[in-house]
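Undergrad: Pasting in a structure now, in structure tokens, and then I'll have a few things to ask.
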Amino acid sequence: MLLAFDVGNTNIVLGVYKDKRLIKYWRMSTDKSKTSDELGMLVNQFFEYDGVDVNDITDVIISSVVPNIMYSLQHMAYKYFNKEAIVVGPGIKTGINVKYDNPRQVGADRIVNAVAAFHKYGGPIVVVDFGTATTFCAISAKCEYLGGTISPGIKISSDALFQKAAKLPRVELNKPKKLICKNTVQSMQSGIIYGYVGLVDYIVDRMKKELKNKEAKVIATGGLASLIATESKTIDYVDRFLTLEGLRLIYNMNKS
């Protein structure tokens, strides 16, 4: 079985694949100060709770946008699973032609998402990932990563509003029923959620024009994808496990 790690700035999502099937997955906070032993014990607790045998893990693959945690993760894979982890980065086969000015600048998560999206949905396609940052990636019909857009994530924007405006409280990211709200909390929620819907739809529309294809599919992923997708006019599919699926595909390309 394959153990896949998707390391983001806020959370680490890890999943276990048996052949093509995701059998278990978990989410934990990204903590750059954790040692390999602390990470190993956390993963072992997840396994024990859900009845996964550590000895069944045959390989480990990691995609990370947090360089400072990589030593601990790689050492944990070696110590607790006796495996040298495959790390998504330069030199790894992905099957995608990156057209960025400097391909090394593209986040590993964006490449992994592009691989999975093209494999599952074809191209041209736009992938919107709602993480710490919200990223928009365009992939051509020829499986070319054309580039994209990066904007502040929903939680970053919400936290900034609380931190910079003295009288505004911290609010939960819930969707109010109306746009015209009669209290401060719902007014903030309305601005954050519906404002992001407008941001997403505008950027996607512009991307489709640049792709010269109004029929390009739009896939949303990330923890808050469903919240925005229910109001968006441009998102076609929500795929919660797009990054993990991309890691499985990339593993299959590199396992030899």
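The values are calculated or read from the model by the stated rules, or taken from the named source; none is laboratory data. If you're wondering where the values come from, they're calculated on a predicted model, not measured in any experiment. As a convention, Cβ positions derive from the backbone with ideal geometry for all residues, glycine included, and neighbour counts pool all protein chains shown.
Undergrad: Given the structure, is Val112 more than 21 Å from Val197 (Cα to Cα) and not aromatic (Phe, Trp, Tyr)?
TA: Taking the combined requirement at face value, the residue satisfies it.
Undergrad: May I pose another question? Identify, please: which residue in segment 90-148 is of a type in the set (Asp, Glu) and more than 14 Å from the chain's Cα centre (by Cα) and is, among those, farthest from Asp159 (Cα to Cα)?
TA: Glu144
Undergrad: Collect the residues in segment 181-228 that are closer than 14 Å to Val126 by Cβ, in contact with a helix residue (DSSP H, G or I) (Cβ under 9 Å, 6 or more places away or on another chain) and without any contact (Cβ under 8 Å) to a residue 12 or more places away in the chain, keeping them in residue-number order.
TA: Lys214, Glu215
Undergrad: Moving to a separate point now. Considering Lys233, Lys212, which residue is modelled with pLDDT under 95 and either touching a Leu at 6+ places or on another chain (Cβ under 6 Å) or not assigned by TED's automatic domain parsing to the domain that holds Ile62 (or both)?
TA: Lys212
Undergrad: Condition (residue is in a loop (DSSP other than H, G, I, E, B), assigned by TED's automatic domain parsing to the domain that holds Ala229, closer than 14 Å to Ala216 by Cα and not polar (S, T, N, Q)) applied to segment 152-163: is it met by at least one residue?
TA: To start, the set of residues in segment 152-163 that are in a loop (DSSP other than H, G, I, E, B) comprises 153.
Still in the list and also assigned by TED's automatic domain parsing to the domain that holds Ala229: 153.
With closer than 14 Å to Ala216 by Cα added as a condition, the list becomes none.
No - not one qualifying residue is present in segment 152-163.
Undergrad: Of all residues in segment 5-50, which are in a strand (DSSP E or B), acidic (Asp, Glu) and at pLDDT below 95?
TA: Quick first cut of segment 5-50, residues in a strand (DSSP E or B) only: 5-7, 11-18, 21-29.
When the remaining residues are screened for being acidic (Asp, Glu), the result is 6.
Within segment 5-50, none qualify.
Undergrad: How many of the residues making up segment 199-256 are part of a loop (DSSP other than H, G, I, E, B) and either basic (Lys, Arg) or under 30 Å from Ala85 (Cβ atoms) (or both)?
TA: Number of matching residues: 11.
Undergrad: Further question: Take the residues in segment 65-111 that are among the hydrophobic types (A, V, I, L, M, F, W, C) and farther than 30 Å from Met41 by Cβ; name whichever of them is surrounded by the most Cβ atoms within 10 Å (Cβ to Cβ).
TA: Ranking the qualifying residues of segment 65-111, first place goes to Ile111.
Undergrad: Of all residues in segment 42-70, count the ones that are touching a helix residue (DSSP H, G or I) at 6+ places or on another chain (Cβ under 8 Å) and not charged (D, E, K, R).
TA: The qualifying residues number 12.
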